[in-house]
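> Here it is, the structure in full.
The values are calculated or read from the model by the stated rules, or taken from the named source; none is laboratory data. The model shown is predicted, which means the values in this text are computed figures rather than measured ones. Positions of Cβ are generated from backbone atoms using ideal geometry, with glycine treated the same way; all protein chains shown enter the neighbour counts. Just so you know, the surface numbers come from the protein's heavy atoms only, side chains and all, with ligands and any DNA or RNA stripped out. Shrake-Rupley method; radii C 1.70, N 1.55, O 1.52, S 1.80 Å.
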Amino acid sequence: MLSDWIIEKNRFDIEDIEKHGSKFLLGNGFMGYRGTMEEYSAEQLVAVNLAGFFDLAQNSNWRESVNAPNPLYTVLTVDGINLDLSTLNPVSHSQRLDIKCGIHNRKTQFSVNGVNITITAERFVSMTRENIIALKYTVITDKDITVTLKSGIDKNVWNISGNHLNYLDEITNGNFFKLNCETVQLKNKLEVYETVIGLDDCVNEDLLHKATINLKANEEFEFVKFGGIYHSDSLENSHNNFLDAVKVGYDEIKNEHISAWEQIWENSDVIIEGDDDAQLALRYSIYHLCSIAPHNTDKCGIPARGLSGQVYKGAAFWDTEMFMLPFFQFSDKKAARNLLKYRINTLEGAKRKAKEFGFEGAFFAWESQETGDDACTLFNVTDVFTNRPQRTYFKDKQIHVSADIVFAMWDYCRTTGDYSLLVDGGLDLMYECMWFFYTYSVFKPHKNRYEILDVVGPDEYHERVNNNAFTNVMVKSAVDIFIRAIDKVKNIYPEYFASFDKELNWVYDFSEKLYVPQPNEKGIIEQFDGYFTLEDTTPEILKTRELIKNEYWGGHGLASNTMVLKQADVIMMLNVFKSAYSTEIKKLNWDFYEPYTEHGSSLSACAYAIVAAEIGYTDWAYKYFMKTASVDLTGDTKQYLGSLYIGGTHPAANGGAWNTAIFGFAGVSVTDDTLDISPRIPKNWNSLSFKLNWKGEELNIKITDDKVLIDGIVNSSVTVYGKEY
Ligand code: IFM
């Protein structure tokens, strides 16, 4: 690590190839380009991962995001030996990502038959021209030698379930290549453009520029490469778009890109003084969020593994609304609105899902792709003992996602002040979600209450449970939000409301009689009915009972009959509904659930961190904050679920890191009209500074040990420790 902005590794370890692909990821919301070397191919997990572009792979029944052919592919050969880092030991190697401007660099020195050859390469995925990637490639040797170079478009890229593309034709025009493809099932078109500048006298064939180059000792040889990736709406103008980028040139496009990143940081940087590790980890988390946000489209969500590959089918989960959205609401309203509009745009898929499972209304997908239909399969994990598909209930029972979306929508409205989303499909979506929950719930006449039975809460190790506290509280909150949203729309959009022709009486009864689990006599909220009767053991003990590596603890596995949980569940609920529970209840539950929590999901630690900060467990808060914020720096996460590969980046944890800094340490909380700041920053931090966009006004906030400085003009109330200044 060099500074607060640089991620660097100055050595090559073959085992790092997979990890570094994610760690050094570049992206712009349209595509993600993995941190691989120019000479790598599928075996080293090269991927140009496309957001919101899905299809089946040949011979597979899983739809996943499509990885485009790689237009930056380049390999040098000396004396018949490929200068390929994955097969040839280097003399030295460094890889570097500058997160301030989204630029990737590598410098590798090889030695072949007594000649030292140094390759340096710089690349970026343009933040201003979302279809464009660019590379500058330089070679220098210490003796005169002749090398051969191949550079072009490589079709051999990483695919988890097989190839997604039919290649239609390859067009060569001078140094320009174009590869026309279509996806195998839906026949959606994908175009890949490529050209090189500064490589004269090459033979252009088979999508490769082949050149023999006489290198003079100590004289740099350099060329530039552009790649263009187009699908869907961007196909219309692909040719001109690509040519324009080439005409504008590498340096200018790079400058545009740097300026765009400057603007991003201007809106979203969080500065921690006094703790370099925390600073870098938090900025790195923010970098990832900004690299994968749908800046220009409301047709896709953010995949659970960002744009680092096809893991989790490139689908969006509740991760977006509950972990990432707060960051965008406060720093990039357009991206936040796009994300919520994506849910509105996929409402029909959610309605189809509700029907499929025998309900009405909108049951949002556990794994959501472009139509909102659920990409999750009923057999989502392969059993490591039998190698057979294992029935899981993620798809049919994690119903809380519909409530999470309603909750997030309201949170967006009150944070940004943009209630127009409600009349842009938001209120309809809320209604359909409420109707789904109403049809899903069971009214128990003898208890005079609605219960929510047979669900999976955030803790996936306990499937098909009744009255999961998190789920019930989320649904109750969503119903109450819907009631408030109705009033809001009635007030500010009366004409729209007049046309909102729905029978609503049942909503009030549902809200009043929906069962919400309460703390017991010891102050503990039972995670679900019967949780306290399960075997009282710990994750550490379960680990010793494992028979096979990567054994899945859920299903009928090791954890299911015990109190061990995969991830924050009740604690997640305390984190979301801060003001509904006293500090004492929070403490009792934190102390109770923490020893049972495996943190087998990267979504877990931040919930513990935020609640810990609130209740004054500052050391724990810091520990869990660092775990969350550095998850993609260390790469120390679960890589397999059964035999399912789940590696990649972790945007929910990235969002969780920001949430911990802002809601945990800075103690920011919002109600409909008030923004309160009640800080409790770690002892080793001299200050914490950040910008929030609150109802359209910019607030610059700096927190030190004994001061909260707020710079900005607001029309609504801003309080510090509940007191107005
Ligand atoms: O949404 C999460 C889930 O809560 C735990 N397993 C991974 C999913 C995607 O991140």
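> Out of everything in the stretch 301-316 that is in a loop (DSSP other than H, G, I, E, B) and open to solvent by 10 Å² or more (accessible area, probe 1.4 Å), what residue ends up being farthest from the ligand (Cβ to nearest atom)?
Ranking the candidates gives Gly301 first.
> Do we find that Lys695 is in contact (Cβ under 8 Å) with a residue 60 or more places away in the chain, surrounded by 15 or more Cβ atoms within 10 Å (Cβ to Cβ) and away from the ligand (no atom under 16 Å from the Cβ) in this structure?
Judged against the criteria, Lys695 is a match.
> Something else now. Only one of Lys490, Lys502, Lys447, Lys476 is open to solvent by 20 Å² or more (accessible area, probe 1.4 Å), over 26 Å from Glu356 (Cβ atoms) and touching a residue at least 12 places away in the same chain (Cβ under 8 Å); which?
Exactly one of Lys490, Lys502, Lys447, Lys476 is open to solvent by 20 Å² or more (accessible area, probe 1.4 Å), over 26 Å from Glu356 (Cβ atoms) and touching a residue at least 12 places away in the same chain (Cβ under 8 Å), namely Lys447.
> Please pick out the residue among Asp396, Asp404, Asp428 that is more than 25 Å from Asp487 (Cβ to Cβ) and of a type outside the set (Phe, Trp, Tyr).
Asp396
> If you take the residues in the stretch 341-377 that are closer than 19 Å to Pro303 by Cβ, among the small types (Gly, Ala, Ser) and in contact (Cβ under 8 Å) with a residue 60 or more places away in the chain, which one is surrounded by the most Cβ atoms within 10 Å (Cβ to Cβ)?
Within the stretch 341-377, the match that is surrounded by the most Cβ atoms within 10 Å (Cβ to Cβ) is Ser368.
> Can you pull out every residue in the stretch 702-721 that is in a loop (DSSP other than H, G, I, E, B), open to solvent by 60 Å² or more (accessible area, probe 1.4 Å) and under 19 Å from Thr671 (Cα atoms)?
Ile713, Asn715, Tyr721
> Something else about it: If we keep just the residues of the stretch 322-340 that are open to solvent by 10 Å² or more (accessible area, probe 1.4 Å) and assigned to a helix (DSSP H, G or I), which is nearest to the ligand (Cβ to nearest atom)?
Only one residue tops the list, namely Met322.
> So, one more: With the condition kept exactly as written, say whether any residue in the stretch 562-569 is within 23 Å of the chain's Cα centre (by Cα), of a type in the set (A, V, I, L, M) and in a helix (DSSP H, G or I).
No, the stretch 562-569 contains no residue that is within 23 Å of the chain's Cα centre (by Cα), of a type in the set (A, V, I, L, M) and in a helix (DSSP H, G or I).
> Let me ask something else. Spot the failing condition for Phe665; the list is (1) modelled with pLDDT of 95 or more; (2) surrounded by fewer than 16 Cβ atoms within 10 Å (Cβ to Cβ); (3) not basic (Lys, Arg), and only one is missed.
Answer for Phe665: the failing condition is (2).
> Related question: Can you go through Gly102, Gly32 and tell me which one is of a type in the set (Gly, Ala, Ser) and at negative phi?
Gly32
> Could you tell me whether any residue of the stretch 125-146 is of a type in the set (Lys, Arg), part of a loop (DSSP other than H, G, I, E, B) and at negative phi?
Among the residues of the stretch 125-146, at least one is of a type in the set (Lys, Arg), part of a loop (DSSP other than H, G, I, E, B) and at negative phi, which makes the answer yes.
> Here is a follow-up. Scanning the stretch 533-556 for residues that are open to solvent by less than 20 Å² (accessible area, probe 1.4 Å) and within 19 Å of Thr386 (Cα to Cα), which turns out nearest to the ligand (Cβ to nearest atom)?
Gly554
> Please go through the stretch 385-413 and pick out each residue that is in contact (Cβ under 8 Å) with a residue 24 or more places away in the chain, away from the ligand (no atom under 16 Å from the Cβ) and open to solvent by 40 Å² or more (accessible area, probe 1.4 Å).
Passing the criteria: Phe385, Asn387, Arg391.
> Taking Thr660 as meeting all but one of (1) of a type in the set (Ser, Thr, Tyr); (2) within 23 Å of Gly722 (Cα to Cα); (3) within 17 Å of the chain's Cα centre (by Cα); (4) open to solvent by 30 Å² or more (accessible area, probe 1.4 Å), write down the number of the exception.
(4)
> Using the structure shown, decide if Ile681 is surrounded by fewer than 24 Cβ atoms within 10 Å (Cβ to Cβ) and of a type in the set (A, V, I, L, M, F, W, C).
no
> For the stretch 388-431, how many residues meet the condition of being in a strand (DSSP E or B) and hydrophobic (A, V, I, L, M, F, W, C)?
Total meeting the criteria: 0.
> Here is a further query. Which one of Thr533, Thr538 is more than 34 Å from the chain's Cα centre (by Cα) and among the β-branched types (Val, Ile, Thr)?
Thr533
> Condition first: part of a strand (DSSP E or B), within 16 Å of the ligand (Cβ to nearest atom) and touching a Gly at 6+ places or on another chain (Cβ under 7 Å). Can you find one or more residues in the stretch 276-296 that meet it?
no
> Any residue at all in the stretch 224-231 that is open to solvent by 60 Å² or more (accessible area, probe 1.4 Å) and either out of contact with any Asp or Glu (no Cβ under 9 Å at 6 or more places or on another chain) or charged (D, E, K, R) (or both)?
no
> Also, quick follow-up: For the stretch 48-62, what are the residues that are more than 9 Å from Thr183 (Cα to Cα) and either touching a helix residue (DSSP H, G or I) at 6+ places or on another chain (Cβ under 6 Å) or surrounded by fewer than 21 Cβ atoms within 10 Å (Cβ to Cβ) (or both)?
Once the filter is applied, which keeps residues that are more than 9 Å from Thr183 (Cα to Cα) and either touching a helix residue (DSSP H, G or I) at 6+ places or on another chain (Cβ under 6 Å) or surrounded by fewer than 21 Cβ atoms within 10 Å (Cβ to Cβ) (or both), the stretch 48-62 yields Gln58, Asn59, Ser60, Asn61, Trp62.
> With respect to Leu588, determine if the residue is outside any loop (DSSP other than H, G, I, E, B), open to solvent by 10 Å² or more (accessible area, probe 1.4 Å), over 28 Å from Thr386 (Cβ atoms) and more than 16 Å from the ligand (Cβ to nearest atom).
Taking the combined requirement at face value, the residue satisfies it.
> Can you say whether Thr128 is open to solvent by 30 Å² or more (accessible area, probe 1.4 Å) and within 23 Å of Ala293 (Cβ to Cβ), as far as the supplied structure shows?
yes
> I need a count of the residues in the stretch 450-464 that are surrounded by fewer than 21 Cβ atoms within 10 Å (Cβ to Cβ) and either within 15 Å of the ligand (Cβ to nearest atom) or part of a loop (DSSP other than H, G, I, E, B) (or both).
3
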